[in-house]
Amino acid sequence: MALDPVIHQETRLRLMALLASLGEGAQVEFTWLKEALDLTEGNLSSHLAKLEEAGYVQVEKGYQGRRPRTWVRLTPQGRAAYQAHRQALLELLKGG
Amino acid sequence: MKQEEAKALWRNLEETERETRLRLALLGGWILVLWGGIWAMGNLLTVWSPGMAERFWTVASPLGVLLSFYLGFRQGVSVRTPLGLQTFYFWGLLTLFFLLHWIFLLPPKGLEGVSFLISLVAFAYAYMGTLWQIPGITWAGLGLFALDLLLFRLFPEHFHLGMGLVGLLGLAYGGRLLWRWTR
């Protein structure tokens, strides 16, 4: 099993790990994600864009009352890719 | 990839997963600060000033419950998870049980009543630990139950002092988590 080059980057791995640990059907607001991962807005947006391009996350913009909100969720493809990457990492550790 | 690099990535990954679940289960640390503070104050007041303690519990308990639900609701605005919803419903039902028990059945009077309430909360936290896959919370819940039983059965004269100290521990740990997650 090979490591996924999109997920492999340290910040994107943490981002995927966070989203995966929320469980299926979860969605998280951009600001909460930024604070939880201690990233700047630009940095988080850039990583989300790469993951969205790969089909691993879905980013939705909406409103809560009058406040604009951005919601992020892991796609089924993203969850599968993360689990595969996790497994590949584990095999690498065992194989060493 | 070198082994050391792989190990570092794996540690990072596990820590992120664990920290995320802990942060959500404990409402960012706020629930421990809230109830640790209430519990410490209430129990220590019971030891040193029982009259004042009764007034304190009358105000602090319902306020604490309302604030707990507010904290859960506020988190749910930013992080929508099926697990979060389950937790919300679970505590909602437990609170309903407390209210019905109090008002209609058996008000938790005396040390027996207090011990019973604490046992219930302790097991509720043990369940929370299994729900959120955080063994530490499960063990903390079971530990609280054991301490509750021990103090009630063997050292009833020190019950409230013991629980006050547990409250202080909870407050300190919650404060530490809060600092870690908000700095």
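Throughout, read-outs are computed from the coordinates displayed, never taken from laboratory work. All figures in this text were calculated on a predicted structure; none of them were measured in a lab. We place every Cβ from the backbone using ideal geometry, glycine too, and count neighbours over all the protein chains shown.
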- Message: If I filter the stretch A:4-51 down to residues being away from chain B (no Cβ under 11 Å) and hydroxyl-bearing (Ser, Thr, Tyr), which single residue comes out as surrounded by the fewest Cβ atoms within 10 Å (Cβ to Cβ)?
- Response: A:Thr40
- Test B:Trp30 against the stated conditions and say whether it is closer than 22 Å to B:Val166 by Cβ and in contact with a helix residue (DSSP H, G or I) (Cβ under 8 Å, 6 or more places away or on another chain). yes
- Checked A:Ala20, A:Ala26, A:Ala36 against criteria (small (Gly, Ala, Ser), touching a residue at least 40 places away in the same chain (Cβ under 8 Å) and out of contact with any Phe, Trp or Tyr (no Cβ under 6 Å at 6 or more places or on another chain)); the one match is A:Ala26
- Query: Is it fair to say A:Val59 is within 14 Å of chain B (Cβ to nearest Cβ), part of a strand (DSSP E or B) and surrounded by 13 or more Cβ atoms within 10 Å (Cβ to Cβ)?
  - Reply: no
- Task: Determine if the stretch A:18-32 includes at least one residue that is under 10 Å from the mean Cα position of the chain (by Cα), of a type in the set (D, E, K, R) and either part of a loop (DSSP other than H, G, I, E, B) or farther than 20 Å from B:Glu5 by Cα (or both).
- Result: no
- Message: Against the condition over 20 Å from the mean Cα position of the chain (by Cα) and facing another protein chain (nearest Cβ under 10 Å), how does B:Thr20 come out, does it pass?
- Response: no
- Looking at (1) at the interface with chain B (Cβ under 10 Å from one of its Cβ atoms); (2) not in a strand (DSSP E or B), can you tell me which one A:Ala81 breaks? (1)
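Conditions tested, residue by residue: (1) within 14 Å of another protein chain (Cβ to nearest Cβ); (2) touching a residue at least 12 places away in the same chain (Cβ under 8 Å).
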| residue | (1), (2) |
| --- | --- |
| B:Gly72 | no, yes |
| B:Trp102 | no, no |
| B:Val121 | no, yes |
| B:Trp132 | yes, yes |
| B:Leu149 | no, yes |
| B:Gly170 | no, yes |
- Item | Selected residue [within 14 Å of chain A (Cβ to nearest Cβ) and surrounded by fewer than 20 Cβ atoms within 10 Å (Cβ to Cβ)] from B:Gly76, B:Gly51, B:Gly37, B:Gly64 | B:Gly76
- Task: Might you check whether a residue that is within 15 Å of the chain's Cα centre (by Cα) and not in a helix (DSSP H, G or I) occurs anywhere in the stretch B:87-101?
- Result: no
- Message: Against the condition assigned to a helix (DSSP H, G or I) and over 20 Å from B:Gly84 (Cβ atoms), how does A:Lys50 come out, does it pass?
- Response: yes
- Give the stretch B:1-17 a look and list any residue that's more than 8 Å from chain A (Cβ to nearest Cβ) and outside any helix (DSSP H, G or I), or say none. B:Lys2
- Query: Where residues in the stretch B:128-183 are of a type in the set (Phe, Trp, Tyr) and crowded, with 16+ Cβ neighbours inside 10 Å, which of them is nearest to A:Thr31 (Cα to Cα)?
  - Reply: B:Trp181
- Message: Tell me whether the stretch B:148-161 contains one or more residues that are among the aliphatic types (A, V, I, L, M) and either under 14 Å from the mean Cα position of the chain (by Cα) or not in a helix (DSSP H, G or I) (or both).
- Response: no
